[in-house]
1. Give me the accessible area per residue for chain A, probe 1.4 Å, as a whole number in Å².
2. So what does residue A:11 come to for accessible area, using a 1.4 Å probe and Å² rounded to 10?
3. Compute the distribution of all C-alpha to C-alpha distances in the range B:77-206, in bins of 5 Å from 0, and list the percent of pairs in each, rounded to whole numbers.
4. Can you compute the charge dipole magnitude of chain A about its Cα centre, using +1 on each Lys and Arg Cβ and -1 on each Asp and Glu Cβ, nothing else charged? Give it in debye, rounded to the nearest 20.
5. Using the alpha-carbon centroid of each, what span in Å lies between the range A:12-28 and the range B:80-145?
6. For the A and B pair, go ahead and give the buried accessible area with a 1.4 Å probe, both sides summed, in Å² to 100.
7. Taking 28 Å as the cut-off for C-alpha to C-alpha distance, list the pairs among A:117/A:155; B:16/B:58; A:155/B:36 that go past it.
8. Which GluC sites (Glu not before Pro) from the range A:80-161 combine a DSSP loop assignment with at most 15 other Cβ atoms within 10 Å?
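The values are calculated or read from the model by the stated rules, or taken from the named source; none is laboratory data. The model shown is predicted, which means the values in this text are computed figures rather than measured ones. Cβ sites come from the backbone with ideal geometry, for glycine too, and all protein chains shown count toward neighbours. Ligands, DNA and RNA are stripped out before the accessible areas are found, and what is left, the full protein with its side chains, is counted by its heavy atoms. Shrake-Rupley method; radii C 1.70, N 1.55, O 1.52, S 1.80 Å.
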Amino acid sequence: MSEVVNVEIAEMKIGHNPDVLVTSALGSCIGITLYDPALKIGGLAHIMLPETKMAKEGANPAKFADTAIEAMLEGMIKLGAKHSRIEAKIIGGARMFSSASSNPLLDIGTRNVAAAKHVLHRKRIRLVAEDTGEDYARCIEFSCFSGKVKVRSLKRGEKEL
Amino acid sequence: LIDVRNLTSLQVDALKEVGNIGAGHAATSLSQLVGKEIMIKAPRLNILPLKEVQRVIKDPQALMVGIYLSLEGNLSGSVLLLFPYDDALSLVDMLMGRNVGSTKALSPLDESALKEVGSILTCSYLNAIAQLIGAPLIPSVPGLAFDMAEAMIDLILIELGEAVDYVLVIETEFTEASRKITGEFMLFPNPGSLQAVLETLGVSNL
């Protein structure tokens, strides 16, 4: 039986085949999945902000793209996953509100996506798919059996990455 | 920085009263805009860890219209005004003097009208609070989204979550007399500005 594991905002979880890792309502936040297809081990982080340097000491690592990817990678390698096999997908990072305001917060989604890509590149992890940006919310289901990510939205229906 | 978990019951009551007065003024403004009676419920004040804030919304994955404004001045933070999508359509009908039920999708003009409603209600809410605390409060230009409300709140959590793990939200539900429009007014004060507000209310040490 596959277990559905819920990943809340600013949380990060690792699962094995046949677990399904789910996170709901990614607006400006992003979901980052890491997957080792040989061992069928996967990780999902629901991050809020680009970098830890924006936070105080002792902050929750799953809030930030850089520390979440590092912690997830470390956790998966501890379980036997191999760095060179791990592939990543990024979902979310929308600009939810249409506004004439120049408030940089409204574009935090774009910055989250850029930061995640930067960290993946630095860690030499392949980004194999993404569904990011635009103006709508996404819910995702990540299967540790197939490595596939199902993306649901109210505005654009369903797709698979 | 105030840890919102340490607020005393007296401070919580004072903040609820602030929410009540603000919401009362906002309801009066909405009533004038649509020419109908608007009722409000007693405000709810929640102090929640980040990951539970989205549960405040009754139907987090339903299609809603959200109007977002950020606040500056002596009380900084965010306001999110939420309407179920169909109720937002009814609101637009009432604003534009159309028969309720005639709008099926939001035009750009309808969206502007809703943003304007968001601004007017927020200004009424804030003006009432500003008089109470004797300092001006300034809302930003409004932003509008229609999607799952859960995913709109994440922007506010991002703003607050940079510094804190617990969030305070003052929420007021309002209903138009014929029940064609219900909505929620949510105020997320920045914990950094709460101290000053509690001081002006005379409850900073109580």
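1. Values: 6970 Å² over 161 residues.
Averaged over the residues of chain A, the accessible area is 43 Å².
2. Its accessible surface works out to 40 Å², give or take rounding.
3. Once binned at 5 Å, the Cα pair distances of the range B:77-206 give 2, 9, 17, 20, 18, 14, 9, 6, 3, 1, 0.
4. Details: 23 positive and 19 negative charges, 74 e Å.
So the dipole magnitude of chain A works out to roughly 360 debye.
5. 35 Å
6. Numbers: alone 8400 and 9470 Å², together 15100 Å².
Interface area, both chains combined: 2800 Å², rounded to the nearest 100.
7. On the way: A:117/A:155 25 Å; B:16/B:58 20 Å; A:155/B:36 32 Å.
Pairs exceeding the cut-off: A:155/B:36.
8. Values: sites: A:87, A:130, A:134, A:141, A:158, A:160; in loops: A:134.
For GluC sites (Glu not before Pro) across the range A:80-161 that sit outside H, G, I, E and B with at most 15 neighbouring Cβ atoms in 10 Å, the list reads A:134.
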